[in-house]
Every structure is written in C-alpha cells, then in structure tokens.
Amino acid sequence: MLKTCQIYADLEKEAKLPLPPAAQVQTAFKKSGETVPTPAARREEILQNPHFGSHFTDHMALAQWSAKNGWHERQIVPFGPFSLSPAASVLHYGQEIFEGIKAYAHPDGSVWTFRPGYNAARLRQSARRLMMPEISNEDFLGSLVTLVRTDRQWVPTAVSAALYLRPFMVATEPFLGVRSATEYTYCVIASPAGPYFEDEGAGVSIYVTQSFHRAFPGGTGAAKCGGNYAGSLLPQVEAAQKGYQQVCFLDASGRYLEELGGMNVFVVYEDGHVETPRLTGTILAGGTRSSIITLLRGNGREVTECDIALQTLLERIRTGQVTEVFACGTAAVVAPIGKLGGADFVVEVPQGSLTKQVHDELTGIQFGLRPDTHGWLYRLC
C-alpha cells in the first residue's frame, strides 16, 4: 500500500498530465432522447438569481460500466430519473463517489472550466479507494464538454455566478453480497450557481466540534465519497442550532484542525506566512487548496503544510499573532472565517486583506479577467 504522502503526490502529478482538446473528446457522448426544454423566460429567471444546487439544466451525461463491456453507452439525455434496482449495491454498501467543478462564462462569450485534470485524477483516486472502475481523462472531459455545449444557454453571466457541474458514479448491480459491484453508472448533472454564502465578504461562523470526527486514519477521508458527507450532517445541524454556519472537524486525537464539512482551511500570521493542515490521509486534497498554495508561493509567501493545534490557534488569535483565517473549496471559492466557537470557547477572528486578495486572484483567473500563467483553464466551448 502506498504511503499517504505518496498518494497525494501521485494525485498532483496525475493532475498535471496534458489534456486532450475539447474537439477531440466531444464526439464520445451522443445525444439521445426527446427533451422538453425549460421555457426561456423561466430559464432566464433562474439565471438572474441562481441558488446553489436548486435548479438543473435540461440534460445530463450518462455512461455505463460493466465487468464484461467496460465503459459503454455514453450519452447526453434529458435530465430526469434513471432506473435503479432496489437491490442496487449503492443503496446497501455505499459505493458512490463524486466531484464538483464549474464552467465559467468569459467576457468574449467563451466558456471555460478550471483544472479539470485535477478533478479527473481525484475521481480516479476515489474510485481506487472504493474499488470502483476508473474513468479516463477523455471520458471525463467528453462528458463535461458535451453537456456544457448542449446546455450552453444555462451558463450564467451574472457576477460571481457559474454553472456547477456534478460528476458522480454509483454501483448499480442488483446484488446483496458484500463485494465490489460489477455494474456502475457514471453521470454528470449541471446546476447554475451563485455565491455559496449569501454575503461572500462577511466572515463565516465556524463551530469546532470536539464530539464528532469526519474521518480516521485508514478510512475514506481522502476520497470524495458520499459517506464522508453523510457523517458530517449531524454535527452540521448541531452547529446550526448553536448559531454557526459551518462545522470544523479535528483529527482523531482531538487536537489538530483538519477541514470543514466541505472546505479546506488556511491560517494567516502577522509576519505574512500562511499555514494549512497537512494532508494526512484523512483530509480531502482540494483543488482550490492546491491552487491557493501555488498562487501564494508564486507571490513570495511562505506556505507551510503542517499540524495546526486548536488550542495553539486560539491563543494566537487572542494575542494577535493570527490575523486571518479562511476556508476554500469549489463551491464557496474563498470565504473569510469571522468566528470560531466550541464547547468551551468563542473567539472573534480578525479580518485582513489577504483573503480578499486570494479570492480576487483566483476568481479573476477562473472568469478570464486575469492571466492564466499556470495553464489551469480548459476551454469547453
């Protein structure tokens, strides 16, 4: 078994492999079925005020895998339910993985996505951990390209809005034995999305749970699978009942910060250096996290991936040594943290300028307003 650090290193390496252009992959997924399109007036109403994950485009991408035939039946079909046996393995043993990625409208009318090679590599990494079939860059990109080109009119042009793409895979074999399935469905759905938090500039309130853990060594914390998120829902509800917007998890020892329910964390110090929890096998390696580290280091900032003890962090916030704390992820992009609370503490986190700088630089690249010096953007149409 590969050491944890090697798994993350392999992810970064695989994410940097050259990607085939859209023209090469767009023909794999064929349009099938009759679509009843959303009325234009209703679509425009949705696009004017898109709420995250609430509305979906007219089509979805589908592909099937079987032990006998491999990947086949690649299609673009009308958005809607698909048939699933009550005995499907995913319903009983949880073989399910997913990704989150966005399509951005640029000022010239073109549509691009951001680091799709990273998402494709991480989906394969998740598949390996949950004993599921891996999907190639060609099929992953083909599903995104063809779906976005089919539903091009659904890409928002409002400020801070994008088309959120959700690729996922589930085990569909009707079998109740405990083993990896022999049949799977891969699907991509799309949802116009605005800001994840209602007020992007306001500091998010975070409750640090000391009763629950997101993942444990040797578990599935480094995979993007539904079970990780299901386990975070109870502490998330408890945090909301206490008046907090998000929950932060500690490691199995109960000492060190790991991540939020769906976001990574960064800590900024008064001397300018930045820390983020190191990838230990229980933390999801976020593409946004990876990009921010690259941008900060490229701007001359010292960034350290290390263990961040909760009690040390609280003390440094109180003494002024910590000047900012922010969270990041595909959905929220970059969000300042304004308050940390727990069973026996509450601290107000100061607001600084670096969080906004990082947000503006990253979104500037994504929306085509700043140069993409790292070659992260991929043109969809």
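The values are calculated or read from the model by the stated rules, or taken from the named source; none is laboratory data. Owing to the predicted nature of the structure, the values given are computational and were not obtained by experimental measurement. Because the Cβ atoms are built from the backbone with ideal geometry, glycine has one as well, and the counts that use them run over all protein chains shown. Keep in mind that these areas ignore ligands, DNA and RNA; they rest on the heavy atoms of the full protein, side chains included. Shrake-Rupley method; radii C 1.70, N 1.55, O 1.52, S 1.80 Å.
Quick notes on this one:
- Efficiency of FRET from Cβ geometry, Ala240 and Cys381, R₀ 41 Å, rounded to 0.05: 0.60
- For the range 1-135, the tally of Lys pairs with Cα-Cα distances below 22 Å comes to 7, considering only residues 8 or more apart or on different chains.
- Helix axis angle, 137-150 relative to the chain longest principal axis, alpha carbon, degrees: 80
- Charge dipole of the chain about the Cα centre (unit charges at C-beta), most positive-ward option of Thr323, Thr35, Ser290: Thr35
- Cα-based radius of gyration of the range 123-194 once divided by 2.2 N^0.38 Å, which approximates compact folds: 1.37
- Cα centre as origin, Lys/Arg/Asp/Glu Cβ charges: the chain dipole, Debye: 760
- Remark: the Cα gyration tensor places the range 1-53 in the prolate category, a/c being 1.5 or greater and a/b exceeding b/c.
- Cβ crowding within 10 Å averaged over residues, with 153-160, 357-364 ranked highest first: 357-364, 153-160
- The accessible area of Met131, taken with all protein chains in place and a 1.4 Å probe, comes to roughly 130 Å².
- Shape category assigned to the chain from the gyration tensor of Cα positions, a/c cut at 1.5: prolate
- Relative contact order %, the range 61-184, counting alpha carbon pairs below 8 Å whose residues are six or more apart: 37
- When the Gaussian network model of the chain links Cα atoms closer than 10 Å, the mean-square fluctuations of Ser253, Ser290, Ser136 top out at Ser253.
- Crossing angle, helix 116-129 versus the chain [Cα axis fit, 0-90 degrees, rounded to tens]: 90
- Asp251 contributes about 30 Å² of solvent-accessible surface, heavy atoms of the protein only, 1.4 Å probe.
- Net charge dipole, the range 60-132: roughly 300 debye, given to the nearest 20, about the Cα centre with Cβ charges of +1 for Lys and Arg and -1 for Asp and Glu.
- Calculated FRET efficiency for the pair Ser211/Ser353, C-beta based, R₀ 30 Å, to 0.05: 0.30
- Label-to-label distance for Asp360 and Glu14 is 3.7 nm, based on points extended 7 Å past Cα in the beta-carbon direction.
- Here each label is just a point 7 Å from Cα along the line to Cβ, and for Gln64 and Asn49 those points are 4.2 nm apart.
- Net charge over other residues, Cβ less than 13 angstrom from the Cβ of Ala127 (K, R count +1; D, E count -1): 0
- Inter-centroid distance (Cα atoms) of the range 35-109 relative to the range 268-329, Å: 34
- Gaussian network model of the chain, Cα within-10 Å springs - most flexible of Thr276, Thr150, Thr319: Thr319
- Relative contact order (%) - criterion: Cα under 8 Å, at least six apart; region: the chain: 19
- Each label was represented as a point 7 Å from its Cα along the Cα-to-Cβ direction; for Ser32 and Ser85 these points are 1.9 nm apart.
- Computed lengthening from Gln24 to Val178, 0.36 nm per intervening residue step minus Cα-Cα distance: 51.5 nm
- Accessible area in square angstrom per residue, the range 62-186, 1.4 angstrom probe: 38
- Accessible-area order (highest first, 1.4 angstrom probe) of the listed residues His374, His273: His374, His273
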